[in-house]
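As structure tokens, the structure follows; a few thoughts come after it.
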Amino acid sequence: MEKVRLSFYEEIRKNKINSVLLMAIIFVVLVSLGYVIALIVGGDYFFFILIAAIVISISYILIGYYKSDKIALASVNAKPASREKYRQYYNVVEGLCLASGLPMPKLYVMENPQINAFASGRNPKNAVICVTTGALEKLNKQELEGVLAHELSHIANYDIRFMTLTAILVGMVSIISQIFLRSLWFRNFSSRDDRNNISAILFIIGIVLAILAPIAVMLVQLAISRKREYAADSSAVKFTRTPTGLINALEKIKKNSEMKVSGAISPLFFAKPTKAREWFQTHPPIEKRIERLRRM
């Protein structure tokens, strides 16, 4: 039985919708957690927790947001790519920028024999792309075009901005949960008022939510990341008008079972081969990405 062909336009649309729905789930978890904690500790006390969570999470994330490209490049010791030395690299990116209507990002190279790349920056005007020397040496022009189109798609789709917003919400859930759980050590629930105002069931629900909510939203955050990878694959096909180069590049990466990427910025990379369960990964399995691309 012949498999149904996938439209990259439809795949882009569905993945964006799914990402928004997953974001909504995080928001619902945040509101639910806040509501239960407010019932337990009182509205005034929860208001303080909420303000603290917002200030801490936004401050922390925004620093990373505005400095994300510099942090990522420094962590892998990337160097600016010379046009004279990496002419094909520049030519491919310039061609893709013309096809997509994106401004030219700054290009960098990191010394690494493995095939990989990443994009960073808060918007298309402040974006960078970095590829490994292994990618430049081992990929032909069509394969390199597929990889770079994928990275440009992350820039075009504002994925750094989207994931930053996700990180802020996830951070708020984690901080609120931690403050609530730690505050239990300092509260005396033996008084008559506490016994009258806090039912045992509600109290247990609050503790369970505070423990499980950060885990749940982390899994949702990882699911959003995987959806953005699928969306970037689909957008790359839109830019290049063929999935062949991207498929062949992924096939080459798939054969490299010893591949390693920097832990802190691994979510940014083009690919992250792993044998761990998909639920706990930032990237979809390479086999699934290839299978979806073959149907386009």
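Values quoted throughout were computed directly from the atomic coordinates according to the rules given, and no laboratory measurement underlies them. Because the structure is a prediction, the values reported are computed rather than measured. Virtual Cβ from ideal backbone geometry, glycine too; neighbours counted across all protein chains shown.
Data table
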{"read-out": "Computed label-point distance, nm, for sites Asn256 and Trp279 using a 7 Å Cα→Cβ extension", "value": "3.0"}
{"read-out": "Antiparallel content of DSSP bridges confined to segment 57-169, in %, to 5", "value": "55"}
{"read-out": "Mean Cβ count within 10 Å, highest first, over the residues of peptides 78-89, 104-115", "value": "104-115, 78-89"}
{"read-out": "Stretchable slack from Ala74 to Phe47, in nm (0.36 nm times residue separation minus alpha-carbon distance)", "value": "5.9 nm"}
{"read-out": "Taking the convex hull of Cα positions in segment 65-173, its mean projected area over all directions (nm²)", "value": "6.9"}
{"read-out": "Distance in nm between pseudo-label sites at Met104 and Ile207 (7 Å out along the Cβ direction from Cα)", "value": "6.2"}
{"read-out": "Pairwise label distance in nanometres, Thr133 with Thr244, each label 7 Å out on the Cα-Cβ vector", "value": "3.1"}
{"read-out": "Extension gain, Val20 back to Ile56 (0.36 nm per residue minus Cα-Cα distance, nm)", "value": "10.6 nm"}
{"read-out": "Length gained when the stretch Lys141-Glu10 is fully extended (0.36 nm per residue, less Cα-Cα span)", "value": "44.4 nm"}
